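The values are calculated or read from the model by the stated rules, or taken from the named source; none is laboratory data. Small disclaimer: the values here were computed from a predicted structure and weren't measured. Virtual Cβ from ideal backbone geometry, glycine too; neighbours counted across all protein chains shown.
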Amino acid sequence: PNSYYEGSLALGATHERSVFFAVMPAAKQGILAGVILGVGRAIGETMAVIMVASNNTVMPKSIFSGVRTLTANIVMEMGYATDLHREALLGTGVVLFVFILIINLSFSALKRRNH
């Protein structure tokens, strides 16, 4: 709220101290929520990555080689997968789910610790 900033200035704090010690702690929950949503979107953004990273199915030889993301792998191959191939794609989905779960739990723990 603007009243936090103005109150801090009224008590004699500088602009920087008002922002970092009055406004930022009040906005911490919203900032962390934005980071969580941003990371989740970055992980799940499949189509843009397919266009940029060239969607190669081979192991990259350098950092500039094309790659295929976990979500792209599931989306591109689920239509014709059977038996062991389908199970491998479901395993890829579980790995992706665990990554997102770890990220969300770490942000929740960080939020609890700082709150």
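A few points about this structure:
- Only one of the numbered conditions (1) touching a residue at least 12 places away in the same chain (Cβ under 8 Å); (2) surrounded by 12 or more Cβ atoms within 10 Å (Cβ to Cβ) is violated by N56, and that is (2).
- Of all residues in the stretch 59-91, those that are in a loop (DSSP other than H, G, I, E, B) and farther than 17 Å from E45 by Cα total 12.
- Restricting the stretch 33-84 to residues that are out of contact with any helix residue (DSSP H, G or I) (no Cβ under 9 Å at 6 or more places or on another chain) and β-branched (V, I, T) leaves a set whose member that is nearest to F97 (Cα to Cα) is T82.
- When the stretch 53-110 is filtered for residues that are at pLDDT below 90 and of a type in the set (D, E), only E77 remains.
- The residues of the stretch 9-46 that are surrounded by 13 or more Cβ atoms within 10 Å (Cβ to Cβ), β-branched (V, I, T) and over 20 Å from S106 (Cβ atoms), listed by number, are V19, V23, T46.
- Within the stretch 77-100, the residues that satisfy the criterion of being within 26 Å of I36 (Cα to Cα) and either of a type in the set (A, V, I, L, M) or without any contact (Cβ under 8 Å) to a residue 24 or more places away in the chain (or both) are L89, L90, G91, T92, G93, V94, V95, L96, F97, V98, I100.
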